[in-house]
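Visitor: One structure, as structure tokens, below. Some questions next.
The values are calculated or read from the model by the stated rules, or taken from the named source; none is laboratory data. Note that the coordinates shown come from a computational prediction; the quantities given were computed from them, not determined experimentally. When we count neighbours, we look across all protein chains shown, and the Cβ atoms used for this are built from the backbone with ideal geometry, even at glycine.
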Amino acid sequence: MQIAVGRPVVEVRFRQLLQDGMQIWVVCEQDARPAQSMWNGRWSLRAVDQATGEHYTLVSHRALKTFPHSSIEPRRLRTATGLISLLVGLGIENVCLPTRKGSVMQSVVRERGDD
């Protein structure tokens, strides 16, 4: 599955896009493998507007300073623990991780009090 890279955004803007109702896509870029007491792999995050299909890619602040912008790389998470911590920090309450290259987990941030 080919996933569009989309427009690069840093974490603050990414968080706002999710709070505005966009879906979050967790894209598995490398098969996850157990390594001692943790899981390693490679994941990147997208915010996707379901109405327009527009994609935004989470990047690091350092990545935005690169030129040309066409060479900007997504922020890549390499451990399941790091990915879970970031997702919870972004407001994802129930974390499900894709573990095979090319697979995608889709979710939305629920408003506090939505039941």
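Visitor: Any idea how many residues of the range 62-77 are modelled with pLDDT of 90 or more and surrounded by fewer than 14 Cβ atoms within 10 Å (Cβ to Cβ)? Steps first, please.
Guide: Of all residues in the range 62-77, those modelled with pLDDT of 90 or more come to 75-77.
Then drop every residue that is not surrounded by fewer than 14 Cβ atoms within 10 Å (Cβ to Cβ), which leaves none.
Here the count works out to 0.
Visitor: Also, I was wondering about something else. Run down 6, 41 and say which single residue is surrounded by 14 or more Cβ atoms within 10 Å (Cβ to Cβ) and at pLDDT below 95. Talk me through it step by step, then tell me what you get.
Guide: Details: 41 fails: at pLDDT below 95.
The conditions single out 6.
Visitor: Give me the pairs: first residue in the range 31-45 and within 21 Å of residue 59 (Cα to Cα) and assigned to a strand (DSSP E or B), second residue modelled with pLDDT under 95 and among the acidic types (Asp, Glu), beta-carbon distance under 9 Å, and six or more apart or on different chains, which are they?
Guide: Listed pairs, sorted by first residue: 44/73.
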